[in-house]
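Peer 1: Below: one structure in structure tokens.
The values are calculated or read from the model by the stated rules, or taken from the named source; none is laboratory data. Values in this document were obtained by computation on a predicted structure and should not be read as measured data. Cβ sites come from the backbone with ideal geometry, for glycine too, and all protein chains shown count toward neighbours.
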Amino acid sequence: MPMTPLPYRVTDKRWETADTATLTMAPVDRVVEAPKPGQFLMLWAFGVGEVPISISGRPSGDLLEHTIRAAGPATTTLTDAPVGDVVGVRGPFGTEWEVERAHGGDLLIVAGGIGLAPLRLAIHSALEHRDRFRSVALLVGARSPDDLVFRSELDAWLDRTDVQVEITVDYAPGGGDHRWTGDVGLVTELVRQADVSPASTVALVCGPEVMMRYTAQALLDRGVPARSIRLSAERNMRCAIGHCGHCQLGGRFICLDGPVFDHPDLAPLLAVRER
Amino acid sequence: MKSIADLLADHEFFAGLEPAHVEFLSGCGQNVRFPAGATVFSEADPAEHFYVLREGKVALEVHVPDAGAIVIATLGAGEVLGASWLFPPFRWQFDALAVTDTAAVALDAACLRQKCDADPRLGYALVQRFAALLVERLQATRLRLVDLYGGGEP
Amino acid sequence: MNEPSAPAPTLDDAAVIDLDGLAGVINALVDDGFEVIGPTVRDNAVVLDRIEGVADLPAGWGDEQDGAHYRLRRRADEAVFGFTTPATSWKPFLHPSREVLFRARRDGGGFEVDDTPEPAPRYAFLGVRSCDLAGIGVQDRVLRSGNVPDPGYAARRDGVFIVVAQCGEAGGTCFCASMATGPTSEAGFDLAITELVDGGGHRFVVQTGSERGAGILGRVPIRPADETDRGATRRAWERAEGEQTRRLPAAEVADLLGRNLEHPRWDDVASRCLACTNCTMVCPTCFCGTVEDTTDITGTVAERSRTWDSCFTLDFTHLVGGPVRASVRARYRQWLTHKLSTWFDQFGESGCVGCGRCIAWCPVAIDLTEEVAAIQRSDGAVRS
């Protein structure tokens, strides 16, 4: 039945920041269809509620990784769940990043805050098939160094010579011996530093909606074609199958037509002021 | 060995400026280097130079007694450092420290202001570039005030 | 599904039954195991409920409907379908306001889910107005024909026996003619009856829309319709169409609203709208819902239900930072532009069937036909 979750057991939990954890989970019995980068699943905290969370990793086999920020009763229950607890999983739903659109050209990934989580599987896929792209650049922004997610992975990617990684934060403690030697500034300001040829670049952008709007504008200003800019939208979701109506944005259902959209399809909808 | 004029002509900030103007301005400039950790300028010091960053990274900081120094912006190669030299009281508002070994052309502020007065067309071209930069930085800074990411410590 | 077994039935093949014949139809349906739902009077309104026989029908009752106004009125005759639209639609039967999706029980380290649905009732709908039949069709295309069909809706919807009551009078709030959803239906029913109370007697002209319908009709005494019956039927239909006072420019409204999202009229209607959600509840096509998760007091048994929801509620669009549509203006605009405009982008048709219930049941008499007309008169105006 489309609204029935499958039981998955939490096999690992890593705290990324003070309020965000990545859960690794394995099927107890039946397995969901393998999620693609950009898609999301509905995670159910027994008796509490269900939330849409993007797939953030597929370590191996049928294991799923989801990075969840504790912001309400359901997400808090999920991030509080100890290893061994069972949660409900339904899905996958929605559209994909379609990383392959960048094959033969440049791939530019811009992540703001927890927006790095829905992009993580796309990054893994690109690095696994690095030779299919010319340049690969990753721009990451967060509020402060303590709010960066996947720190150890970011460090590993920084060490690679085949991908450009630029990280910036809105503010950072400084002082004589700097703990933070990355940039300080808005993530949109990193766009000019990306070592890509805009006309043959596909850009994947994910983060707070305001950040995506301004990042998209910075990309367009640099000459990236609008159809080559993909964004991931977010709205309240209750069913994920186009029946509850909550996630509607203009004539689109975020759960069916998104969450990943080409810029020209999403931008006019985001521009409508809901005042 | 490149001349000051060559270094300025290569730099993004001066793109499109007439070669004669670049030559004229270079008379105010000299090469400077700051090793990692060195102070470029300190808050309340007289703002006597305009820095054209060629290599490295500089952090703009505000010193807060109970929180230490907070980095409010970083600037790197291809960017310029310093706005307080343009208008009285000609005093730096923030601290600037080199994060990594940094090479720059330091243009003497008084010299620059005098040359702009002497040649208003040059003055206008310089201030136009400056204004565009400031608008961009102001917009980005304003967006950071929105605290888009949420969460964490308020 | 109610697929007609032949091309759209015309009046040429119509039959005529009397009130006893109608009673016979109801009995035949009951004998065949259908739960017959039809109009009846309760709480000073004509509502839809389970009926046992013709005695339950609202004989002699008509209605007055207008903005924020619904009254029953006594008719001069004993017509049993003498009202216009019932106060409620068929939606509560096909898409109930609450439906349990599953129950789950904690078990060892995990949980066991029981999502076996309740057996769906076998409904026969007696007296479906054309607008409401169109409304059922609109919901079919949202809940049944999409990517993922709603299994509960499909189970309740499949096999519903539909007896349309073609309209002979227009209600005060009706505008089905301009929406091309009425006042008569040509397909999608098992039987369609047009009630006549005149010199020829109290009778029903019956069109057969399916083999199933023919089978039921075959169990009651009939006579073929003659030219008098057919003439009276056509005149009744023409009256139902001609009496309508409201209209909506169905072909233009989608684009009209799409290009007037900043029209000052939205502020005007927002100053009147209470966001009470009545319109979404009485509307036959509004489908929005939400999900409720509860547990028993021990926390070992969880239940998940789907319930109706309304885009007029403040937390309908809740995100971490707050609702996306916080103002009543934003919410009213969403409802109307979805119903009349973006529904086309999603489902290729209008979401409105012209039943007029939202007008009658709005406590402050907001009339969407009037709102659209106001926007059309100053097409392109922008709020200051």
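Peer 1: Does residue C:222 meet the test of being in the same structural domain as residue C:15 (by TED's automatic domain parsing), touching a residue at least 60 places away in the same chain (Cβ under 8 Å), of a type in the set (Val, Ile, Thr) and touching a Phe, Trp or Tyr at 6+ places or on another chain (Cβ under 6 Å)?
Peer 2: Judged against the criteria, residue C:222 is not a match.
Peer 1: Check residue C:199 against each of (1) modelled with pLDDT under 95; (2) buried (at least 22 other Cβ atoms within 10 Å of the Cβ) and name the one condition it does not meet.
Peer 2: Going through (1) modelled with pLDDT under 95; (2) buried (at least 22 other Cβ atoms within 10 Å of the Cβ) one by one, residue C:199 breaks only (2).
Peer 1: Can you run down the residue pairs with Cβ atoms below 6 Å, 6 or more apart or on separate chains, where the first is in segment C:278-293 and farther than 28 Å from residue A:5 by Cβ and within 9 Å of chain A (Cβ to nearest Cβ) and the partner is modelled with pLDDT of 95 or more and part of a loop (DSSP other than H, G, I, E, B)?
Peer 2: From residues that are farther than 28 Å from residue A:5 by Cβ and within 9 Å of chain A (Cβ to nearest Cβ), there are no pairs.
Peer 1: Moving on. So is residue C:320 at the interface with chain A (Cβ under 7 Å from one of its Cβ atoms), surrounded by fewer than 22 Cβ atoms within 10 Å (Cβ to Cβ) and in contact (Cβ under 8 Å) with a residue 12 or more places away in the chain or not?
Peer 2: Working: at the interface with chain A (Cβ under 7 Å from one of its Cβ atoms): yes; surrounded by fewer than 22 Cβ atoms within 10 Å (Cβ to Cβ): yes; in contact (Cβ under 8 Å) with a residue 12 or more places away in the chain: no.
Criteria not met by residue C:320.
Peer 1: Looking only at segment A:163-177, decide whether some residue is more than 18 Å from the chain's Cα centre (by Cα), modelled with pLDDT of 95 or more and in the same structural domain as residue A:264 (by TED's automatic domain parsing).
Peer 2: Residues of segment A:163-177 more than 18 Å from the chain's Cα centre (by Cα): A:163-164, A:170-177.
Imposing the further condition that a residue be modelled with pLDDT of 95 or more reduces the set to A:163-164.
With in the same structural domain as residue A:264 (by TED's automatic domain parsing) added as a condition, the list becomes A:163-164.
Yes; the residues of segment A:163-177 include at least one that is more than 18 Å from the chain's Cα centre (by Cα), modelled with pLDDT of 95 or more and in the same structural domain as residue A:264 (by TED's automatic domain parsing).
Peer 1: Can you spot a residue in segment A:160-177 that is surrounded by fewer than 16 Cβ atoms within 10 Å (Cβ to Cβ) and among the basic types (Lys, Arg)?
Peer 2: yes
Peer 1: Right, something else. Take the residues in segment C:323-344 that are in a helix (DSSP H, G or I) and of a type in the set (D, E, K, R), then tell me which one is nearest to the other protein chains (Cβ to nearest Cβ).
Peer 2: Top of the filtered list is C:329.
Peer 1: Which ranges mark the strands (runs of 3 or more DSSP E) fully within segment C:10-80 that have 2 or more residues being surrounded by fewer than 19 Cβ atoms within 10 Å (Cβ to Cβ) and on the phi < 0 side of the Ramachandran plot?
Peer 2: Per the criteria, C:35-42, C:45-50, C:61-66, C:69-74.
Peer 1: I would also like to ask the following. Given the conditions (1) more than 10 Å from chain B (Cβ to nearest Cβ); (2) buried (at least 22 other Cβ atoms within 10 Å of the Cβ); (3) of a type outside the set (Ser, Thr, Tyr); (4) within 28 Å of residue A:268 (Cα to Cα), report the number of the one that residue A:149 does not fulfil.
Peer 2: If we test residue A:149 against (1) more than 10 Å from chain B (Cβ to nearest Cβ); (2) buried (at least 22 other Cβ atoms within 10 Å of the Cβ); (3) of a type outside the set (Ser, Thr, Tyr); (4) within 28 Å of residue A:268 (Cα to Cα), just (4) comes out false.
Peer 1: Is it the case, given these coordinates, that residue A:180 is within 13 Å of chain B (Cβ to nearest Cβ) and not in a strand (DSSP E or B)?
Peer 2: For residue A:180, the condition - within 13 Å of chain B (Cβ to nearest Cβ) and not in a strand (DSSP E or B) - is met.
Peer 1: List the strands (runs of 3 or more DSSP E) that sit entirely inside segment A:192-275 and contain at least 3 residues that are at pLDDT below 95, closer than 28 Å to residue A:165 by Cβ and within 13 Å of another protein chain (Cβ to nearest Cβ).
Peer 2: No strands (runs of 3 or more DSSP E) qualify here.
Peer 1: Go through the residues of segment B:30-46 one by one and say whether even a single one is at pLDDT 95 or above and under 16 Å from residue B:130 (Cβ atoms).
Peer 2: Taking every residue of segment B:30-46 in turn, none turns out to be at pLDDT 95 or above and under 16 Å from residue B:130 (Cβ atoms).
Peer 1: Here are the criteria: (1) touching a Gly at 6+ places or on another chain (Cβ under 7 Å); (2) at pLDDT below 95. Tell me which single one residue A:61 does not satisfy.
Peer 2: Failed condition: (1).
Peer 1: Now a separate question. What are the residues in segment B:101-124 that are out of contact with any Lys or Arg (no Cβ under 9 Å at 6 or more places or on another chain), of a type outside the set (S, T, N, Q) and part of a helix (DSSP H, G or I), if any?
Peer 2: B:109, B:110, B:111, B:112, B:113, B:115, B:116, B:117, B:118, B:120, B:121, B:124
Peer 1: Here is a follow-up. I'd like to verify a number: residues in segment C:294-317 that are more than 7 Å from chain A (Cβ to nearest Cβ), surrounded by fewer than 21 Cβ atoms within 10 Å (Cβ to Cβ) and over 27 Å from residue B:148 (Cβ atoms), how many?
Peer 2: 9
Peer 1: Okay, moving on. Here is a list: B:64, B:71. Which entry is under 25 Å from residue A:185 (Cα atoms), without any contact (Cβ under 8 Å) to a residue 12 or more places away in the chain and aliphatic (A, V, I, L, M)?
Peer 2: Working: B:71 fails: without any contact (Cβ under 8 Å) to a residue 12 or more places away in the chain.
Result: B:64 is the single residue among B:64, B:71 that is under 25 Å from residue A:185 (Cα atoms), without any contact (Cβ under 8 Å) to a residue 12 or more places away in the chain and aliphatic (A, V, I, L, M).
Peer 1: OK, next. Quick one: how many residues across segment A:11-28 are away from chain C (no Cβ under 14 Å), closer than 14 Å to residue A:75 by Cα and surrounded by 20 or more Cβ atoms within 10 Å (Cβ to Cβ)?
Peer 2: 3
Peer 1: What residue, among those in segment C:101-120 that are surrounded by 15 or more Cβ atoms within 10 Å (Cβ to Cβ) and touching a residue at least 40 places away in the same chain (Cβ under 8 Å), is farthest from the other protein chains (Cβ to nearest Cβ)?
Peer 2: Ranking the qualifying residues of segment C:101-120, first place goes to C:103.
Peer 1: Let me ask something else. Cβ-Cβ distance below 8 Å, separation of 6 or more or different chains: which pairs start in segment C:206-219 with a residue that is closer than 15 Å to residue C:12 by Cβ and end on one that is in a helix (DSSP H, G or I)?
Peer 2: Pairs found: C:206/C:217; C:207/C:11; C:207/C:13; C:208/C:13; C:208/C:214; C:208/C:217.
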